[in-house]
Amino acid sequence: MDIFDFAMEKEKLSENYYRGLSGKTENKGLKNIFGMLAGEEANHYDVVSKMKEKTPVEVSQTSVLSDAKAAFSKMRESTENFNFDISQIELYKKARDIESESRDFYLEKAEQVTEEHPKGLFLRLAEEEKKHYFLLENIIEFVSRPQQWLENAEFHHLEEY
């Protein structure tokens, strides 16, 4: 299996995982965030597929962090009671670990290729996976202690970087 097929498989598995997480949570805000992450992984799949076909493609800047920040703001304003069990937290930690592995994979592949265009695309994909990791860290913190997390009106948790 070549690196493109492997990357496409990883992206498809991640997309399916997020769709599964979205179906497992009752929280509308988290459903929305997991749906966004699934869409992001589907876009990554398309980018890698085009790379494999040697079709010109760019990795566009996403708004996943700002969109998630808006979703968290809505959750903060809602009267919904937040109760999460430990099994949900473990699923979110697994998703975070998948993002870390994906980021490392793309960084490794960027080191291995010599052509500038694929190298740049792999680096951009690694950056996107880093954002997903960061977002999942915030979700884990949120579900671990929602009242304390939501009290921070400035949302320093989701600073863009």
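Can Glu116 be described as modelled with pLDDT of 85 or more, more than 23 Å from Lys12 (Cα to Cα) and acidic (Asp, Glu)? The answer is yes for Glu116. Restricting the search to helices (runs of 4 or more DSSP H) fully inside the stretch 1-99 and requiring at least 3 residues that are within 23 Å of His117 (Cα to Cα) gives 3-24, 28-52. Just one of the listed residues (Glu129, Glu141) is under 15 Å from Gly29 (Cβ atoms), at pLDDT 60 or above and either part of a loop (DSSP other than H, G, I, E, B) or not aromatic (Phe, Trp, Tyr) (or both), namely Glu141. Looking only at residues of the stretch 101-125 that are in contact with a Leu (Cβ under 9 Å, 6 or more places away or on another chain) and within 30 Å of Arg145 (Cβ to Cβ), we find that the one that is surrounded by the most Cβ atoms within 10 Å (Cβ to Cβ) is Ser102. Of the residues examined, Glu41 is one that is crowded, with 20+ Cβ neighbours inside 10 Å and in contact with a helix residue (DSSP H, G or I) (Cβ under 7 Å, 6 or more places away or on another chain). Among the residues of the stretch 66-78, not a single one is modelled with pLDDT under 85, among the charged types (D, E, K, R) and farther than 25 Å from Lys24 by Cβ. Closer than 27 Å to Met51 by Cβ, surrounded by fewer than 18 Cβ atoms within 10 Å (Cβ to Cβ) and of a type outside the set (Phe, Trp, Tyr): is that true of Glu26 in this structure? Answer is no for this residue.
Yes/no matrix, rows are residues, columns are (1) at pLDDT 90 or above; (2) small (Gly, Ala, Ser); (3) touching a Ser or Thr at 6+ places or on another chain (Cβ under 9 Å); (4) over 17 Å from Glu90 (Cβ atoms):
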position	(1), (2), (3), (4)
Glu9	yes, no, no, yes
Gly20	yes, yes, no, no
Ile33	yes, no, yes, yes
Ala38	yes, yes, yes, yes
Lys50	yes, no, no, yes
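The values are calculated or read from the model by the stated rules, or taken from the named source; none is laboratory data. Remember, predicted model here, so these are calculated numbers, not experimental data. Note that each Cβ is placed from the backbone with ideal geometry, even for glycine, and that neighbours are counted across all protein chains shown.
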